[in-house]
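Participant: Quick one: structure below, then a few questions.
The values are calculated or read from the model by the stated rules, or taken from the named source; none is laboratory data. Quantities reported herein were computed from a predicted structural model and do not represent experimental measurements. All Cβ positions, glycine included, derive from the backbone under ideal geometry; neighbour counts span all protein chains shown. Note: areas computed on protein heavy atoms with side chains; ligands, DNA, RNA excluded. Shrake-Rupley method; radii C 1.70, N 1.55, O 1.52, S 1.80 Å.
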Amino acid sequence: MASHLDLEEQEQLDQLKAFWNQYGNLVTWLLVILLGGYAAWNGWNLYQRDQGAKAGSMFDEIDRAAREGDTDRAIRIFADMKDRYPRATFTQQAGLLAARVAAEKSQLDTATASLAWVADHAGENEYRSIARLRLAGLFLDAKKYDEALKQLDAIEGSEFAALAADRRGDILLAEGKNADAQAAYLKAWNAVDPSIDYRRLVEARLNLLGVQPAATAASGAEAAK
């Protein structure tokens, strides 16, 4: 035989009904939004993985074309990847690879366009910075010094400071601005860890300009005391 609810239980039940009558729709909609957001998040992750896998397959194709020296095919694949998977990391890598292949075949306009796309559209700063460094190199070769310096000015991140300063030194030296080039090379030399061989290359450039960076750094430290 069912027992009757006592007064306290009945009061709690009435309060629950009142709460649900007042806020039930809001709670339901919140749950729908949360569950919908969770489903969308899962769906987006699945979509991203699918896009990444397809872009990865196409990157294998462009890598094979690059190794075979088939520049036209490599450029076509990269163009297709830009249209289909513009946000995929593999597409950013493909842009750098396509640019390298084009530059090796002296297709400098094509190489420049590929690097410019990566510099403007890559999601990761690493790829944007690499693209800008290589663009600066192409502009330097073409004696477009202002354009080259603009690319270096746009590079972000301390991890690329030494490379950017070194390339800036190359550009300034080509312009005949030896004093400014020395300053840029010194900045690069100071930014590189002494244990890295690349520092010796920067030091060699400075030596050709009559600068001994170690002695310069020591005298600067002494003057600062």
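Participant: Quick check on my filter: what residues within the stretch 139-197 are open to solvent by less than 20 Å² (accessible area, probe 1.4 Å), within 23 Å of the chain's Cα centre (by Cα) and of a type in the set (A, V, I, L, M)?
Facilitator: Listed by number, the residues that qualify are Ala148, Leu152, Ala162, Ala164, Ala165, Ala188, Val192.
Participant: Of the residues that make up the stretch 131-141, is at least one farther than 24 Å from Thr89 by Cβ, of a type outside the set (Asp, Glu) and part of a helix (DSSP H, G or I)?
Facilitator: For the stretch 131-141, residues farther than 24 Å from Thr89 by Cβ, of a type outside the set (Asp, Glu) and part of a helix (DSSP H, G or I): present.
Participant: While we're on this one: Working carefully through the options Leu172, Leu186, find the one that is part of a helix (DSSP H, G or I) and within 20 Å of Leu135 (Cα to Cα).
Facilitator: Among Leu172, Leu186, only Leu172 is part of a helix (DSSP H, G or I) and within 20 Å of Leu135 (Cα to Cα).
Participant: Take the stretch 118-137 and flag every residue that is out of contact with any Pro (no Cβ under 9 Å at 6 or more places or on another chain) and either among the aromatic types (Phe, Trp, Tyr) or open to solvent by 30 Å² or more (accessible area, probe 1.4 Å) (or both).
Facilitator: Result: Asp120, Gly123, Glu124, Asn125, Glu126, Tyr127, Arg128, Ile130, Arg132, Arg134.
Participant: Please go through (1) in contact with a helix residue (DSSP H, G or I) (Cβ under 9 Å, 6 or more places away or on another chain); (2) modelled with pLDDT under 90 for Ala218 and return the number of the only condition it doesn't satisfy.
Facilitator: Of the numbered conditions (1) in contact with a helix residue (DSSP H, G or I) (Cβ under 9 Å, 6 or more places away or on another chain); (2) modelled with pLDDT under 90, the odd one out for Ala218 is (1).
Participant: Sticking with this one: Do we have Asp166 as without any contact (Cβ under 8 Å) to a residue 40 or more places away in the chain, assigned to a loop (DSSP other than H, G, I, E, B) and under 26 Å from Tyr127 (Cβ atoms) here?
Facilitator: no
Participant: Also, I was wondering about something else. I'm trying to understand the selection: among the residues of the stretch 76-103, which are touching a residue at least 12 places away in the same chain (Cβ under 8 Å), open to solvent by 40 Å² or more (accessible area, probe 1.4 Å) and assigned to a helix (DSSP H, G or I)?
Facilitator: Passing the criteria: Asp80, Lys82, Arg84, Thr89, Phe90, Gln93, Arg100.
Participant: Looking only at the stretch 107-117, how many residues end up being over 27 Å from Asp180 (Cβ atoms) and open to solvent by less than 20 Å² (accessible area, probe 1.4 Å)? So that I can check it myself, show each step before the final result.
Facilitator: Of the residues in the stretch 107-117, the ones over 27 Å from Asp180 (Cβ atoms) are 107, 109-111, 113-114, 117.
Then keep just the ones that are open to solvent by less than 20 Å² (accessible area, probe 1.4 Å); that gives 111, 114.
The total comes to 2.
Participant: Has the stretch 154-161 got at least one residue that is assigned to a helix (DSSP H, G or I), at pLDDT 90 or above, within 20 Å of Leu133 (Cβ to Cβ) and among the aliphatic types (A, V, I, L, M)?
Facilitator: Checked the stretch 154-161: at least one residue is assigned to a helix (DSSP H, G or I), at pLDDT 90 or above, within 20 Å of Leu133 (Cβ to Cβ) and among the aliphatic types (A, V, I, L, M).
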